[in-house]
1. Applying 1/(1 + (r/R0)^6) with R0 = 56 Å to the Cβ-Cβ distance of His326 and Met70, what FRET efficiency is obtained, to the nearest 0.05?
2. Which of the peptides 288-296, 264-272 is most tightly packed, and how do the rest follow, going by the mean number of other Cβ atoms within 10 Å of each residue?
3. If only Cα atoms are counted, what is the Rg of segment 119-203, and what is its Dmax, in Å?
4. Determine the calculated [θ] at 222 nm for the chain from helices alone, applying -39500 (n - 2.57) to every DSSP H run no shorter than 4 residues and normalising by the residue count; nearest 500 deg cm²/dmol.
5. With the contact rule set at Cα under 8 Å and sequence spacing of 6 or more, what percent relative contact order holds for the chain?
6. Rank Leu216, Thr178, Leu414 by how far each Cα sits towards the positive end of the charge dipole of the chain (+1 on Lys, Arg Cβ; -1 on Asp, Glu Cβ) and give me just the farthest.
7. Using the per-residue mean of other Cβ atoms lying within 10 Å as a proxy for protection, in what order, highest first, do the peptides 50-58, 72-80 fall?
8. If I require 24 Å or longer along the helix axis, counting alpha carbons, and a Kyte-Doolittle average no lower than -1.0, what helices from the chain are left? Use full DSSP H segments.
Amino acid sequence: MTTQTLQEGWFELIEFLKVKCSPTEFQNWLSLIQLIEVRDQKLILEVPNVFVQEYFLENYKSDLMTFLPMYKGKLPLEFVIMDRSRDQLIELVEENVSIVDDTTDNFRYLGYTFEKFIEGPSNQFAKSAAIGAATRPGANYTPLFIHGGVGRGKTHLLWAIKNYLQSSPSKYNIHYSTTESFINDLVTSLRNKSLDKLKQYYRGLDIFLVDDIQFLQNRPNFEEEFCNMFESLIHEKKQIVITSDKPPSALQLSERLIARMEWGLVAHIGSPDLETRVAILQAKAEQRGIKLPHSVAFFIAERIFHNVRQLEGAINRLSAYCHLMHLEVTQSVAETTLQEIFQYTTKRSLTVDHILKSVATMFNVKVSDLCGNNRTRNIALPRQIAMYLAKELISESSLMKLATAFGGKTHSTLLHAWKKIRNEIEHNVVLRKQIQLTKQTLDK
Ligand code: ADP
Ligand code: MG
């Protein structure tokens, strides 16, 4: 086995996994593994911690075996734990974080227009403000801050502004950026010593659209750069639109930045009411070319409440099923096909059980392990994370009650786990990402 073939096998595997895995999975796990050299017929891989290594071996074993030659029943791999300073680690994560967002989804974003955004009492104000910003950029609605829970149409509105302006006869310099890719750009330019050029680019913008500003929390260095950029654009009367999952005052950001974001217009998108949900379902069904009787739209809308993305998912699933089975859409077909989605959304309040299941899936361990007493790290860490999340997210239960749900642990065990994780995420970027991702799967 030559060094070159091994190396080629590795790169082919990575290319394959890029396609096979979801972008999130790739970002959060695989992109953290770096080939550093080929030595003694082995690939020497650097990982940020044992956790990533174990996740990799457990979940991708068969792919590894497909692309790499086995030697005496073993994979030709050796892992070394990364010995890097925190800043370098941040760089590595950031570098890999935003490869996907801006480019791969561009096609989908073209459909995000004002016309396709169904209006109702919960989002009317935000939509009007967005239209205001698009028709008279920099005039009355800057900065515009749009906030609301997941799947409520924040990204849709940002892109509607972009798409509107791009088709207008006046030529504007528009930039849409997720907060993560903004940070990524900063990191790259710091590394290439081209920060001034980047700053110049941002200062030359007419419209700056920033998605999911909550990801700027706990990143003081990046926050300062963002704040400077922000101020200089506002000073020039340029248009800024920011989205977030919380209102400005609930963000853990500096008072200076919070005050700046509250300068202009703050618009909330709430849960759509029943009528709006019905209208959204009907519009999505029409776009998919399926005939959705009003009564069935109503039946679905009564069972999915907060998240428009889930309404969309319901229509996609229903349409696929009916096309395949050559069926008309009826209430009983909807009931059978969408049962899982309904079950998911009717879990209205979060329980320790949900957390256990999500953590078990994310960290590839069993729920029974999380409730057991095994102290090996790959079980103890997810257990502590689950305890941390339980205390953070289920505030209405007592510590004792929460701890009992973990196979009868004591409240001091839970508290200890919570403190440990809370301290660790201060400096462990990978852990922070993993927890962030687990929280997303809980979809409050
Ligand atoms: P957020 O950024 O708030 O998490 P998105 O903008 O990604 O949510 O919206 C999720 C999906 O729901 C998108 O496909 C979007 O087109 C759709 N959507 C959200 N709100 C509406 C609406 N009012 N009318 C039509 N589609 C909507
Ligand atoms: Mg979004």
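Laboratory data are not the source of any read-out in this text; all were calculated from the coordinates shown. What you see is a predicted model, and the numbers here were worked out from it, not measured in a lab. For neighbour counting, all protein chains shown are included, and Cβ atoms are generated from backbone atoms with ideal geometry for every residue, glycine included.
1. 0.75
2. Top of the packing list down: 264-272, 288-296.
3. Reported Rg and Dmax, both Å: 15.3, 48.
4. -18000 deg cm²/dmol
5. On the way: 587 pairs, mean separation 59.1, N = 444.
Relative contact order of the chain: 13 percent.
6. Going by the charge dipole, the pick is Leu414.
7. Averaged packing, sorted descending, gives the order 50-58, 72-80.
8. Numbers: long enough: 3-20 (25 Å, -0.13); 308-325 (26 Å, 0.16); 411-427 (25 Å, -0.96).
Within the chain the helices that satisfy the rule are 3-20, 308-325, 411-427.
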